[in-house]
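Structure, as structure tokens:
Computed from the coordinates by the stated procedures, all read-outs in this text should not be read as laboratory data. What you see is a predicted model, and the numbers here were worked out from it, not measured in a lab. Cβ sites come from the backbone with ideal geometry, for glycine too, and all protein chains shown count toward neighbours.
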Amino acid sequence: MSGETIDLAVVGAGPAGMAAAATAADLGLDVRLLDEQPWPGGQIHRGVDRLAGPKTTDDPDRAAGRALLHALRQSKADYRPRTCVWHVGPGDDGVFELGLRCDGAVALLRARHVLLATGSVERAMPIPGWTLPGVMTAGAAQSMLKASGLCPEGPIVMAGSGPLLYLCADQLAAVGADIRALLDTTPRGRYFRALRDLPAALRAPAVLRRGLGLLRAPARRGIPVHRHVEAVEAVGDLGVTGVRWRRGGRWDQTDCDHLLLHQGVQPHINLPRLAGCAMEWDDVQHCWKPETDDWGRSTVPGCWVAGDGAGIAGGEAASDFGRLAALGVAADLGALTREEAGRRATSHNRALAPLLAVRPFLDNLYRPDRAFMLPADGTLACRCEEMTAGDIRKAVADGCHAIEAVKQYTRCGMGACQGRMCGSTVPEVIADARGVPVSAVGTYSQRTPVKPLPLTELAKLDTVLNPPSTETAA
Amino acid sequence: MTAVTADVVVIGGGLHGCSAALNMARRGLSVVVIEKDFVGRHASSANAGGVRTLGRDPREITLSLASLDLWHQIESIVGSDCGFQASGQLRLAETPEALARLQRRVDMLTSQGFDHEEIIGADEVYDILPGLRPGCVGGLICRRDGSANPLATMQAYRAVVLAAGVDLHEGIAATGATRSGGTWTVTTSAGAFEAPVIVNCAGAWADRVAAWIGDMVPVTAVAPCAMITSRMPPSLGPVVSTESRPLSLKQFENGTVLISGSLRGVADRNTNVAAIKLAPFAARAATVLELFPAMQGAQAVRFWAGIEAATPDGSPIIGPSAAAEGAFHAFGFNGHGFELGPGCGAVIAELVTTGSTNMPIAGLEVDRFEADPGVADGARRDPIEQGVDHAAST
Ligand SMILES: Cc1cc2nc3c(=O)[nH]c(=O)nc-3n(C[C@H](O)[C@H](O)[C@H](O)COP(=O)(O)OP(=O)(O)OC[C@H]3O[C@@H](n4cnc5c(N)ncnc54)[C@H](O)[C@@H]3O)c2cc1C
């Protein structure tokens, strides 16, 4: 069996992972930070080390990103870009075994502790036509912009709900994108409901101020904003050519070459699920998240979760959650006394308090609307296996109640993406068909590899595990 | 709460429980099936879909051939073709020694009057598998074997069992069984069920059910594993295994390729969790690429493990209880019970309704491990069978 066992493997080099890796390494732990992207920063600070970046209202983020990167570079943490973690599971002797691939090579890494800091993913927004070429998520467009400065050409429509939609609109407009309309699908009632949580949110005036600024930004840039949109459809045959929407009962439409959808983000839990972490349902954020204690400790001993992957709280909070988890790991490994860890945690918890106080307001305001999560019968729910919402409803009518039963019946979630795309939609359709809350339906199980792995690389793992004998005949 | 009564209570809603229930209902019995999770939750959906008579233990051959006949008419039995393709099963001989072993097996079968396994030469091997790397010297083929789609199969069985009037209870676990005055009472997490007959098809959990009946069986829960690849250009050849190393490979109609063969993970039947181990997957991938260079472009999409019962001698337990009246067993399929599903259910129904069967099932008795301690510690089986067992698992 190859190789050494390290103290801590951190998966994901976003703010949570960067902060955790630097903190743990500074405490003397042997840390490796793994991320499939070629650069550090994760989603929010993507490209922080390279491009000057679009000049937008999110400048405070870039300063924070640079500080995190500086701390990481100063530390002894071993940062490995372009490294995809495709497996995490129990190894033979009580340590974790991680399957890695990097530049065509595979490796196994053994670690006493694992911190999963894999951030969030956007919810699918399965409106009619969502699978047409030219339709993508707002986050995907943002990634392209941050990674390579690319912006979709031609007229764009953006639709959905949540702060990220406005942020993306602003960032794209700043580099000259032709945004014809922003269709905000946040239902009317949400604003009143969220008002209840406003007093608490006032503890974080800076966050609110920034949010307000973002809400006004599109209008300031001359983008027509349509609020309380009730329905959206992508129009086109071979690709999207326009968008139709309903507002106040009236349909309207405009031509476009690109439709960017966004329906909020949810924790990216494929690795925690693979590791066997118990999940809990967050009713306000309307998502599953790993069950953790205040330090980020999951229900699997030695497996930790931090950042948006443990519950959506944003980039700024993520770095503090990452540091807390690093302290927890260090204390468990004896690199730090419990008292010292507790003492250091105080300042992080103090920094987190206002950031968390603002969540109920934001979460209630942008709670995903069922209307946009439940595709119509003829609309695809699972792209890989080409299953429509109607197919899923039929499976339920035929007696499949558990999500795993529907999965076996329809093959939804068994394709190449293993439910990354349909993981929020399919449970929603089942819950609707059965008339139960979506929390009662559960989530897909996750299998290795979390991303498809070339057979040639898997075969190389055989050589890693069983090196060809170099002995010559004696 | 008063107990639900029926002619038969079946414990376990896998392929074997469903098949037994279907056959009994069609013989006019009122049948209850109790399934703790949902139909096909375990081995019967997780399996590799191999419909293989090739390489069977002699005790299972007649039953497996009868079951194969039923697979060939599966649509008339369950109203769906279950994705069954009679594409054959082919075991490659990569060396002359391997071919000699296969020949010895065929000689043994011939002496017992079987002719379904056939030696073929290298030319025919390469006709069948043009993409196979050069160097194989021949093979052993069962032309009527093939594969089916386990998910489609369990879907069809569930529907047809319901249509036949079986009273199916999913999400309910049997917690005990007692017999008095000729009636079995099966207690469950949701009330009691009473019947003169019970049938134990509880898969990897069946030794527990057997113990309620009074039959003690040394069954272990194992976790056979498999992986599926991305869609590849169709070749739709036979299911391929090799004599000298563990491998089983088959392509489904949708182009995906299933790779398995003695892959073993770790099963925990208390939590329903079966965990994989990476090393054997890597080894199988290496074998596949060596034999089929065209698989270079494939991606491994999903690895999985299922929970299955293994017996000390590698063969199932099929037949009446040795300890009590009105109780029957069908479990312990050691990773090759999918093929036996249609046939075994028919045999159980025959036993239950007539008290006997013409199907030779001698050697599959539930009490055979008590009688033969040598068998119980696993010291048996000739080298031919050991070799055959490589692919036997999946
Ligand atoms: C990965 C893998 C690959 C395989 N490949 C092949 C192959 O290619 N060809 C082949 O022929 N075979 C194959 N097999 C084996 C085959 O799947 C099994 O032999 C067969 O499905 C067994 O069916 P079953 O009905 O006995 O068991 P199962 O399908 O496991 O059904 C037993 C059922 O009993 C239920 N149960 C247990 N206890 C209770 C209780 N107390 N109360 C209520 N319900 C209970 C369980 O929940 C379960 O659903 C493979 C198996 C696996 C795991």
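Just a few scattered comments:
- Percentage relative contact order, chain A, counting C-alpha pairs under 8 Å, at least six apart: 18
- Qualifying chymotrypsin sites (Phe, Trp or Tyr not before Pro) in region B:1-110, where qualification requires a DSSP coil assignment and no more than 15 other C-beta atoms within 10 Å, are lacking entirely.
- Which of A:His286, A:His87, A:His226 has the fewest Cβ neighbours within 10 Å, and the rest in rising order: A:His226, A:His286, A:His87
- Left without a cysteine partner by the 4.7 Å Cβ rule in chain A: A:Cys84, A:Cys102, A:Cys151, A:Cys168, A:Cys256, A:Cys277, A:Cys287, A:Cys303, A:Cys384, A:Cys400, A:Cys417.
- Within the shell defined by Cβ-Cβ distances under 15 Å, the residues around B:Ala211 carry a net charge of -1, with Lys and Arg each +1 and Asp and Glu each -1.
- Highest-first arrangement of B:109-115, A:369-375, A:154-160, A:386-392, where packing means the average Cβ count within 10 Å: A:154-160, A:386-392, A:369-375, B:109-115
- Summarising the amide proton neighbourhood of A:Leu33: residues at separation of 5 or more, or on other chains, whose placed amide H is nearer than 5 Å comprise A:Val10, A:Asp78, A:Tyr79, A:Arg80.
- Helix-only arithmetic for chain B: the sum of -39500 (n - 2.57) across DSSP H runs with n ≥ 4, divided by the residue total, places the mean residue ellipticity at 222 nm at -9500 deg cm²/dmol.
- Rg/Rh, computed from the Cα trace of the protein assembly as shown with Rh as the Kirkwood radius, has the value 1.00.
- Radius of gyration (Cα atoms) of region A:124-263, expressed as a multiple of 2.2 N^0.38 Å: 1.06.
- Across region A:374-458, the relative contact order, built from alpha-carbon pairs under 8 Å that are at least six residues apart, equals 28 percent.
- Placing +1 on the Cβ of every Lys and Arg and -1 on the Cβ of every Asp and Glu, with no other charges, gives chain A a dipole of roughly 1420 debye about its Cα centre.
- Simple Cβ-charge dipole of chain B, Lys/Arg +1 and Asp/Glu -1, about Cα centre, in debye nearest 20: 840
- Against the empirical curve 2.2 N^0.38 Å, the C-alpha radius of gyration of region A:366-474 lands at a ratio of 1.51.
- Residues A:Cys422, A:Cys277, sorted so that the one with the fewest Cβ neighbours within 10 Å comes first: A:Cys277, A:Cys422
- Span from the region A:329-355 Cα centroid across to the region A:373-397 one, whole angstrom: 46
- Annotation: amide H of B:Trp184 within the under-5 Å range of B:Ala195, B:Val197, sequence separation 5 or more or interchain, hydrogens built in the peptide plane.
- With Cα atoms defining each centre, region B:293-346 and region A:62-99 are spaced 42 Å apart in the structure.
- Farthest towards the positive end of the charge dipole of chain A, among the residues A:Val48, A:Ala159, A:Ala330, is the Cα of A:Ala159, using unit charges on the Cβ of Lys, Arg, Asp and Glu.
- With a cut-off of 13 Å between beta carbons, the residues surrounding B:Ala3 carry a summed charge of -2, where Lys and Arg count +1 and Asp and Glu -1.
- With 28 Å as the limit, the listed pairs A:Lys394/B:Lys277; A:Lys407/B:Lys36; A:Lys289/A:Lys460 have A:Lys394/B:Lys277; A:Lys289/A:Lys460 beyond it between alpha carbons.
- Residues in region A:115-127 carry Karplus couplings, in order, of 10, 9, 10, 9, x, 10, 10, 6, 5, 6, 10, x, 6 Hz; the curve used is 6.51 cos²θ - 1.76 cosθ + 1.60 with θ = phi - 60°, and Gly or Pro positions show x.
- Calculated over chain B, the projected area of the Cα convex hull averaged across directions stands at 18.1 nm².
- Residue mean of other protein chain beta carbons inside 10 Å, B:149-156: 3
- Shielding by partners - mean other protein chain Cβ count within 10 Å, residues of B:297-306: 6
- Packing rank of B:10-20, B:235-245, B:249-259, where each peptide gets the mean count of other beta carbons within 10 Å, highest leading: B:10-20, B:235-245, B:249-259
- Take B:260-269, B:174-183, A:425-434 and order them by the average number of nearby Cβ atoms within 10 Å per residue, most first; the result is A:425-434, B:260-269, B:174-183.
- For residues of A:395-403, the mean tally of beta carbons on other chains within 10 Å: 3
- Phi-based couplings in Hz for region B:73-87 (Karplus 6.51, -1.76, 1.60; Gly and Pro marked x): 10, 4, 4, 6, 8, 10, x, 8, 7, 6, x, 5, 10, 7, 8
- Secondary structure note: in chain B, about 70% of the DSSP beta bridges are antiparallel.
- Percent RCO, i.e. relative contact order, over region A:124-263, from Cα pairs under 8 Å lying at least 6 residues apart: 38
- Computed [θ] at 222 nm, deg cm²/dmol, chain A (DSSP H ≥ 4; -39,500 (n - 2.57); rounded to nearest 500): -10500 deg cm²/dmol
- With a cut-off of 15 Å between beta carbons, the residues surrounding A:Asp237 carry a summed charge of -2, where Lys and Arg count +1 and Asp and Glu -1.
- Residues A:Asp294, A:Asp103, ranked from the fewest to the most other C-beta atoms within 10 Å, line up as A:Asp103, A:Asp294.
- Estimated distance in nm for a label pair at A:Asn466 and A:Ala440, the labels positioned 7 Å out from Cα along Cα-to-Cβ: 5.0
- When the Cα positions of A:Leu214, A:Ala19, A:Met279 are compared along the charge dipole of chain A, A:Leu214 comes out farthest toward the positive end, with charges on each C-beta of Lys, Arg, Asp and Glu.
- Region A:288-428 - charge dipole about Cα centre, Lys and Arg +1 at Cβ, Asp and Glu -1, debye rounded to 20: 140
- Spatial separation of Cα centroids for region A:405-453 and region A:138-192, in angstrom: 27
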